[in-house]
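Enquirer: Handing you this structure, nothing more for now.
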Amino acid sequence: MNKESVHKYAVFVSGRGSNLKAILDAAATGSLCRKPDLVVTDNGQAKALDYAREQGVDTLFIDPKAHKGRKAFGQKAIEELKKRGIDTIALAGFMRIVHEDVVNEFSGRIVNIHPALLPSFPGLDAQKQAIDAGVNESGCTVHFVDAGVDTGAVIIQAKVTIDDGETAESLSAKIIKHEHRIYPAVINGLLKDRIRLVNGRAEIDG
Ligand code: GRF
């Protein structure tokens, strides 16, 4: 199954793991060319780890208590990924801001998914931010990760409408379906070098 791609990748998770599950499912059905080589977490109890184990994907818990501060955590992550020949990272509900050492080490090969149409509503509770702002559409964004919070070059976005009476929960449910569709597709493009970061912008073949 892994013949086509030369890049190895890790998925970083902290919680529920529905995006990781979508990535694993896409790899199982062949729409994504490779399953993750490693799942990294800062939360040993993350539900996401169950999905990884079910599919026989290696997991690694980096204990934030043993690696205090973002720099120490990041250095440990870099060391572990390099050891395994992994050069690509997909953040999927990873709740820490990655240190710039990681961003620099994996420049152009680290992506994130965010549940809003960036640059609107970065950071936490993006769906609630959209509801509170009274906008009539939101969505999700896959972007390259830079040293800021949800500020890197946008790769792809999917839009949903915000209807009367919409709540943060109902909006999240609408958005997550699109997340599960677009994130595996972007990872596939990244693994096949069809998506690249060039002069600070995302370049997509085709
Ligand atoms: C998703 O909404 C993602 O956009 C955001 O965190 C959430 C993670 O959900 N970054 P899950 O753990 O993949 O279910």
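Enquirer: Would you please name the residue that is farthest from the ligand (Cβ to nearest atom), looking only at residues in the range 38-56 that are in contact with a strand residue (DSSP E or B) (Cβ under 6 Å, 6 or more places away or on another chain) and touching a residue at least 24 places away in the same chain (Cβ under 8 Å)? Explain how you work it out, then say what you get.
Expert: Filtering the range 38-56 for residues in contact with a strand residue (DSSP E or B) (Cβ under 6 Å, 6 or more places away or on another chain) gives 38-41, 44, 46, 48-49, 52.
Right, trim to touching a residue at least 24 places away in the same chain (Cβ under 8 Å) and you get 38-41, 46, 48-49, 52.
Working: Leu38: 17, Val39: 12, Val40: 13, Thr41: 11, Ala46: 8, Ala48: 6, Leu49: 11, Ala52: 12 Å.
Filtering first and then ranking leaves Leu38.
Enquirer: Just give me the residues in the range 85-141 being basic (Lys, Arg) and without any contact (Cβ under 8 Å) to a residue 60 or more places away in the chain, in sequence order. Let's see the steps before the verdict.
Expert: If we filter the range 85-141 for residues that are basic (Lys, Arg), which is where we start, we get 96, 109, 128.
Once the filter is applied, which keeps residues that are basic (Lys, Arg) and without any contact (Cβ under 8 Å) to a residue 60 or more places away in the chain, the range 85-141 yields only Lys128.
Enquirer: Filter the range 1-24 for residues that are surrounded by fewer than 21 Cβ atoms within 10 Å (Cβ to Cβ) and either among the β-branched types (Val, Ile, Thr) or free of Cβ contacts under 8 Å to residues at least 12 places away in the same chain (or both) and give the result. Even if it seems obvious, please write down each step before you answer.
Expert: Here is the first cut: in the range 1-24, the residues surrounded by fewer than 21 Cβ atoms within 10 Å (Cβ to Cβ) are 1-8, 14-16, 18, 21.
Selection gives Lys3, Val6.
Enquirer: Among strands (runs of 3 or more DSSP E) lying entirely in the range 38-113, which contain 3 or more residues that are aliphatic (A, V, I, L, M) and modelled with pLDDT of 95 or more? Spell out the reasoning first.
Expert: Numbers: elements: 38-41, 59-61, 88-91.
Answer list for the range 38-113: 38-41, 88-91.
Enquirer: Before we move on, is Phe61 among the aromatic types (Phe, Trp, Tyr) and either without any contact (Cβ under 8 Å) to a residue 24 or more places away in the chain or out of contact with any helix residue (DSSP H, G or I) (no Cβ under 9 Å at 6 or more places or on another chain) (or both)?
Expert: It is true that Phe61 is among the aromatic types (Phe, Trp, Tyr) and either without any contact (Cβ under 8 Å) to a residue 24 or more places away in the chain or out of contact with any helix residue (DSSP H, G or I) (no Cβ under 9 Å at 6 or more places or on another chain) (or both).
Enquirer: Regarding the range 24-36, can at least one residue be identified that is β-branched (Val, Ile, Thr), closer than 24 Å to His178 by Cβ and within 16 Å of the ligand (Cβ to nearest atom)?
Expert: Pass one, the range 24-36, residues β-branched (Val, Ile, Thr): 29.
Applying the additional criterion that residues be closer than 24 Å to His178 by Cβ yields 29.
Checking the rest, the ones that are also within 16 Å of the ligand (Cβ to nearest atom) come to none.
No, because not a single residue in the range 24-36 is β-branched (Val, Ile, Thr), closer than 24 Å to His178 by Cβ and within 16 Å of the ligand (Cβ to nearest atom).
The values are calculated or read from the model by the stated rules, or taken from the named source; none is laboratory data. What you see is a predicted model, and the numbers here were worked out from it, not measured in a lab. Every residue, glycine as well, gets a Cβ built from its backbone with ideal geometry; the counts of neighbours run over all protein chains shown.
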